[in-house]
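Report on one structure; see the data block that follows.
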Amino acid sequence: MSKYEYWLHGSCVHVEYPDRLKHIRCAGYYTEVHQKGGTSNWFNFGIPTPTVHNGKPMKHSRVHLLAEVLENAKLDKVHIWDGDRCVQKIDKLGLKHQHVDREFDVPPQKVRHGLMISVYVEFLDGEEEGEVHFIGAGATFEQA
């Protein structure tokens, strides 16, 4: 069975609540985000999504996330959406002070609309602002 991977560069991330940011910068290989402690935010990646390939419907099977969680930040949730339908919630990840190179299995379902990977980050209290770098996100699709 043929598999296809589609990725977005970290510079393509969309911030759900930009008014909460202290600083955001797109650099060569990532988007750098700083936010005040005691707050949180969602960061969304709209993945290019094939719904049909060579006349056959496609299904999603896995999503990928590349990031760096630095000072006073905790990457805690990854939610996967197909249009307005949440197809997977991965909560209580608790990822702090680390390079994140993770794959998450998604229930294999036919793709109806566009795939969105939503990443929830808590910015923790402390002397330093919370900081996270988004490097990229992607998804694996295969024929249904």
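The table that follows gives values for the structure above.
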read-out	value
Selection status of Glu142, more than 27 Å from Leu21 (Cβ to Cβ), surrounded by 15 or more Cβ atoms within 10 Å (Cβ to Cβ) and more than 17 Å from the chain's Cα centre (by Cα)	yes
Elements of type strands (runs of 3 or more DSSP E) in region 61-135, at least 2 residues being without any contact (Cβ under 8 Å) to a residue 24 or more places away in the chain and not aromatic (Phe, Trp, Tyr)	85-90
Matching residues, region 107-144, being of a type in the set (A, V, I, L, M) and at pLDDT below 90	Ala144
Filter result for the condition that a residue is under 17 Å from Glu122 (Cα atoms) and among the small types (Gly, Ala, Ser), over Ala27, Ala73	Ala73
Considering residues of region 8-50 that are polar (S, T, N, Q) and crowded, with 16+ Cβ neighbours inside 10 Å only, the residue modelled with the lowest pLDDT	Thr49
Conditions (1) over 20 Å from His14 (Cα atoms); (2) charged (D, E, K, R); (3) more than 15 Å from the chain's Cα centre (by Cα); number of the one not met by Asp105	(3)
Counted residues, region 1-42 - those being assigned to a strand (DSSP E or B) and touching a residue at least 60 places away in the same chain (Cβ under 8 Å)	18
Residue list for region 43-60, restricted to those being in contact (Cβ under 8 Å) with a residue 12 or more places away in the chain and among the β-branched types (Val, Ile, Thr)	Ile47, Thr49, Thr51
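The values are calculated or read from the model by the stated rules, or taken from the named source; none is laboratory data. It should be emphasised that the depicted structure is a prediction, and the values quoted were computed from it without experimental measurement. So basically every Cβ, Gly included, is an ideal-geometry build from the backbone, and we count neighbours across all protein chains shown.
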